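S.K.: Okay, handing you the structure first.
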Amino acid sequence: MKDILVLCLLILFPIIGLADISKSPNNLFISADYSCFKYSDSTEYVFTEIYYSFLRNQFSFLPDTTGYYALADINVELKSETGDFIDSKSWQAALHASSLTEANQSNYLINDIFTGSLIPGNYDLTIMVSDVNSNTSGKRKIKMVVPAYSQDQLEISTIELAYNVTEADGGPFDKAGKKIIPNTRNVFSHDDTIVYFYAELYNLDRSMENYTLDIRIYDSNNNLYKNIPIATRPILEKPAIILNGINISAFRVGLYNLQVNAYSGDDSTFTSKIFEVSPGKLEWEIAREKRELADFPEADKITNEEEAKNFRNQILYICTRDELKQYDELSIEGKNNFAKAFWARRDTNPSTLINEYKIEHYQRFRYANEAFSTFKSKDGQGNGWKTDMGRVYITYGPPSDEENYPSSLEEKPWIRWNYNELEGGVYFIFIDETGYGNYRLVHSTAKREPKDYNWENRLKPSTIVK
């Protein structure tokens, strides 16, 4: 059987994107795209580049002599649109990092490429990537439409969208003297600034000196959003190379359709590609802060006594006695100014426009109410923040691990929370004295927390926890 898919010399190229890509704990994130180009001497086959990428920090890294490594098993399968098997390939790639910190760097995309000689038509391509060290895997299926190219009509290739364009270095991403790093997601953030795109123009009339390009961008409502000035270019190479970039820093967030129109004499052709503009990291962080604090209006501004009371409850476990005393003596306006100064003092990274400490605190406060409430008031507010487990969670965050011991004839139900990074390693013991899920803190090895070194005696069903 003729090999349809051809593996390039595996080169993993990192892309550090600023837009957030969420990773799943159970499935590897994979994205993929493709581009089709005309062979100079064939109309039977179409040269097809297939690009894929995945997040490095999804993989489990193990130590080796040079730092840390992970192994990725990669399997690709190509079928016709009717499900007929055409070809498949499998290979393994090694990922390396000098440290676990480097390995866990967020939004670090690994890009790779392989090619195929395909007959024009419709295909289904499946790419599966598995982490050898953890047995987690991910799958991406894409539908491919491979166009037919003639030898005499003006035609244009599909568009390849790219993160970056640099000088060629002899690698598999090289085309037309440039290294073109594909954007497999077709998503660009405002931090990326430029959308690069590459295409090829075929069968230009060599008797003509020039050809014309008209590049337009339409929004999701098919309204013309940006019209790049028409450019007249000399006919020099064969095929003619279209390599350009569009500044998207002022684009609205949303979907766009990039359309490239080409004219040569009386002939014309066009191709198009959908791409998305997403918020930059800072925009995303600000939006996340607003989203996280949406249920807590007093976190941003205190305007009445009820909000002042709510704010006091929310900071009760993280403020000092002096701060609390000062707060209680202030007017509404004074309490509002106090709140601003309170969060500013605790901002762990003042160089950013968001307050990471504040966001994390309210995430903890919300979770405590959702997870540990034993009842809710008429307005739907839970009392989880008042419980022992809620206080510990708000104060110290989520435990490193939890040991859960259900009720038995010999013992009351109890839970142990371990905090491995706190004070060199501490734990908290909670006992459900009533059997209704209200766990009380009876002992902890943390400083300034309740101590009862005979706490195990309290597990007896006849013992009342005081």
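The values are calculated or read from the model by the stated rules, or taken from the named source; none is laboratory data. Keep in mind that this is a model prediction, so the values were computed, not measured. Methodologically, a virtual Cβ is constructed for each residue, glycine included, from the backbone with ideal geometry; neighbour enumeration extends over all protein chains shown.
S.K.: Would you check if there is a residue in segment 294-310 being under 31 Å from the mean Cα position of the chain (by Cα) and under 30 Å from residue 220 (Cα atoms)?
M.R.: Scanning segment 294-310, I find at least one residue that is under 31 Å from the mean Cα position of the chain (by Cα) and under 30 Å from residue 220 (Cα atoms), so the answer is yes.
S.K.: Which helices (runs of 4 or more DSSP H) sit wholly inside segment 288-393 and have at least 3 residues that are modelled with pLDDT of 90 or more, under 30 Å from residue 429 (Cα atoms) and polar (S, T, N, Q)?
M.R.: 305-315
S.K.: Out of curiosity, is residue 26 modelled with pLDDT under 95 and touching a strand residue (DSSP E or B) at 6+ places or on another chain (Cβ under 8 Å)?
M.R.: Working: modelled with pLDDT under 95: yes; touching a strand residue (DSSP E or B) at 6+ places or on another chain (Cβ under 8 Å): no.
No; evaluated as a whole, the condition is false for this residue.
S.K.: Can residue 429 be described as at pLDDT 90 or above, touching a Leu at 6+ places or on another chain (Cβ under 8 Å) and at negative phi?
M.R.: Yes.
S.K.: Within segment 432-450, count every residue that is more than 16 Å from residue 391 (Cβ to Cβ) and at pLDDT 95 or above.
M.R.: So the count comes out to 1.
S.K.: Moving to a separate point now. Confirm whether residue 80 is over 26 Å from the mean Cα position of the chain (by Cα), without any contact (Cβ under 8 Å) to a residue 60 or more places away in the chain and closer than 17 Å to residue 113 by Cα.
M.R.: Working: over 26 Å from the mean Cα position of the chain (by Cα): yes; without any contact (Cβ under 8 Å) to a residue 60 or more places away in the chain: yes; closer than 17 Å to residue 113 by Cα: no.
Taking the combined requirement at face value, the residue does not satisfy it.
S.K.: Further question: Scanning for something within 33 Å of the chain's Cα centre (by Cα), crowded, with 18+ Cβ neighbours inside 10 Å and either at pLDDT 90 or above or farther than 22 Å from residue 317 by Cα (or both), does segment 402-414 turn up at least one residue?
M.R.: No: segment 402-414 contains no residue that is within 33 Å of the chain's Cα centre (by Cα), crowded, with 18+ Cβ neighbours inside 10 Å and either at pLDDT 90 or above or farther than 22 Å from residue 317 by Cα (or both).
S.K.: Name the residue, out of 119, 127, that is surrounded by 18 or more Cβ atoms within 10 Å (Cβ to Cβ), out of contact with any Cys (no Cβ under 8 Å at 6 or more places or on another chain) and of a type in the set (Val, Ile, Thr).
M.R.: Residue meeting the stated conditions: 127.
S.K.: Let me spell it out: the conditions are (1) of a type in the set (S, T, N, Q); (2) at pLDDT 90 or above; (3) in a loop (DSSP other than H, G, I, E, B), and residue 31 meets all of them except one. Which number is the exception?
M.R.: Unmet condition: (3).
S.K.: Okay, moving on. Check segment 336-347 and report whether any residue there is loosely packed, with under 13 Cβ neighbours inside 10 Å, under 32 Å from the mean Cα position of the chain (by Cα) and hydrophobic (A, V, I, L, M, F, W, C).
M.R.: Taking every residue of segment 336-347 in turn, at least one turns out to be loosely packed, with under 13 Cβ neighbours inside 10 Å, under 32 Å from the mean Cα position of the chain (by Cα) and hydrophobic (A, V, I, L, M, F, W, C).
S.K.: Against the definition (under 20 Å from residue 39 (Cβ atoms), surrounded by fewer than 17 Cβ atoms within 10 Å (Cβ to Cβ), hydroxyl-bearing (Ser, Thr, Tyr) and in contact (Cβ under 8 Å) with a residue 60 or more places away in the chain), how does residue 134 come out, yes or no?
M.R.: no
S.K.: Name every residue in segment 76-92 that is of a type in the set (Val, Ile, Thr) and surrounded by 13 or more Cβ atoms within 10 Å (Cβ to Cβ), in order of residue number. Quick ask: steps written out before the conclusion?
M.R.: Here is the first cut: in segment 76-92, the ones of a type in the set (Val, Ile, Thr) are 76, 82, 86.
The answer is 76, 86.
S.K.: Are there any strands (runs of 3 or more DSSP E) wholly within segment 63-137 with 1 or more residues that are at positive phi and at pLDDT 95 or above, and if so which?
M.R.: 121-131
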